[in-house]
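The values are calculated or read from the model by the stated rules, or taken from the named source; none is laboratory data. In this text, all values refer to a predicted model and were calculated from it rather than measured experimentally. Using ideal geometry, Cβ is built from the backbone for each residue, glycine included, and neighbour counts are taken over all protein chains shown. We work out accessible area using only protein heavy atoms, side chains counted, and drop any ligands, DNA or RNA first. Shrake-Rupley method; radii C 1.70, N 1.55, O 1.52, S 1.80 Å.
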Amino acid sequence: MARDPYQVLGVSKTASADDIKKAYRRLAKKLHPDLNPGNAKVAEQFKEVAAANDILSDADKRKRYDAGEIDAAGNQRAPHGYYHPGDPGAAAGTAGGFRRGPRGGYYSSQAEEGSDRYQQRFRFDDIFGEGGIFSDFFGQGGAQAGARAQPKGRDVRLRLTLPFVEAARGTTKMAAMPNGRKLEVKIPAGVQDGQTLRLKAQGMPSDERGGVPGDAFVEVHVAPDSIFTVKDLDVTVDAKVPLRDAVLGGTVTVPTLDGRATVSIPKRANSGQLLRLKGKGISRGGKTGDQYVRLLIVLPDDANDLAALEGALQGEAAAADGRKKS
Amino acid sequence: MATFEEILTRFEITRADVTSWIEEGLIEPKGEADAYDFDETDTARIGLIVELRRDLEIDDSAIPVVLSLLDQLHAARAALKRIAAAIADLPPDIREQLTAVLGEHASHDAD
């Protein structure tokens, strides 16, 4: 149900044509969609105001509305300027004194497309380019304009992604600066995912003679590892242990952060049991964690060995049955 | 595309109005003075100028200022959309970080 147009414009039933024009203009100044781009609520409100004005600004329509011949929505033209393809209201709009025409549309709806050459007068460069709002952020070269020029060069932000083992052990990596220069980045052992390293004076050179270069900030990302599970400074690896070695004892070779290591398996080891390799974890801040080896007991691969094991177990089962029966 | 005549009839404006807007650089239709071609953007922009003058009672002398500010607003919105699209392409954890930092800045601004 459309609201009473008098109420929408906030005028009395006896308002003069001039009062109505003034009321409409007062509301239009506030609610015009082109002055409130992207604001759907205001656009809806304006639609209502425009529809009300449509009726009340036309002496004949106003008379018919007052006489109850048309209701606030009834004989309404399409609210001016809105282009709804396939909307019967729009077709009706062409019949009325439709000032903007059915293909008009508000300017914002055109301009918002980004292809508008008028807004191209203010290019992205104003925002992203040199001296623009984001120029620092994207570390693009060049000086900031005028008073904001600083003797210190620009800071540079870089990202590096490392495999887990390299991050744990520490390494040296080359990173490319925006200007193409290669920067050697020393990664300390035990660096954590998301940590930012600051390389003092490794950023862009100063624009002024004798000025200090900016800093380089390197955000380090550590790729998750498929072998090592990490908790704080400790790492855990799984080791498959043949059933025979688990029962009788033996050795297994496991990866560590420093390469491979051979670990003794105690007699009668169980699946899930953890063996600790002291001091083989991650070193960070003067502390060093441990490595844990989680034993996973596996059946023999070899078919003959497996058959022998079956035979032995069945023999034992039969013996056990015999003991129960006797 | 609309011709000069169609524009004049549609908006109930004079040839002198449109000519002066073109001279001021407020609208830039394609074609030469004798045969301008107004595309949808030009047409909508003329509609905007007409409403700015008639409904919003903005002086002719102030119209270029209003249009320039609106153009800048649209350019800024387009740039923000570009940033929003770039953010949408970031991994979720970084988006969350960004949201958190934006929230912090917003609360500082409110102080």
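Some values worked out for this structure:
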read-out: So B:THR41, is it surrounded by 13 or more Cβ atoms within 10 Å (Cβ to Cβ), among the polar types (S, T, N, Q) and touching a strand residue (DSSP E or B) at 6+ places or on another chain (Cβ under 8 Å); value: no
read-out: One residue from B:ILE46, B:ILE63, B:ILE27, B:ILE58 being among the hydrophobic types (A, V, I, L, M, F, W, C) and touching an Asp or Glu at 6+ places or on another chain (Cβ under 8 Å); value: B:ILE27
read-out: Subset tally (residues that are facing another protein chain (nearest Cβ under 9 Å) and aliphatic (A, V, I, L, M)) for the stretch B:1-25; value: 1
read-out: Selection count where residues are more than 20 Å from A:GLY170 (Cα to Cα) and not in a loop (DSSP other than H, G, I, E, B), scope the stretch A:241-276; value: 20
read-out: Subset of the stretch A:210-240 [assigned to a strand (DSSP E or B) and free of Cβ contacts under 8 Å to residues at least 24 places away in the same chain]; value: A:THR229, A:LYS231
read-out: B:GLU23 being under 19 Å from the mean Cα position of the chain (by Cα) and either loosely packed, with under 12 Cβ neighbours inside 10 Å or among the polar types (S, T, N, Q) (or both); value: yes
read-out: Residues within the stretch A:185-194 that are open to solvent by 70 Å² or more (accessible area, probe 1.4 Å) and under 27 Å from the mean Cα position of the chain (by Cα), tallied; value: 2
read-out: Residue list for the stretch A:197-222, restricted to those being over 18 Å from A:LYS182 (Cα atoms) and out of contact with any Phe, Trp or Tyr (no Cβ under 6 Å at 6 or more places or on another chain); value: A:ASP207, A:GLU208, A:ARG209, A:GLY210, A:GLY211, A:VAL212, A:HIS221
read-out: Top-ranked residue in the stretch A:229-269 [being of a type in the set (Asp, Glu) and under 18 Å from A:ALA189 (Cα atoms); ranked as least open to solvent (accessible area, probe 1.4 Å)]; value: A:ASP234
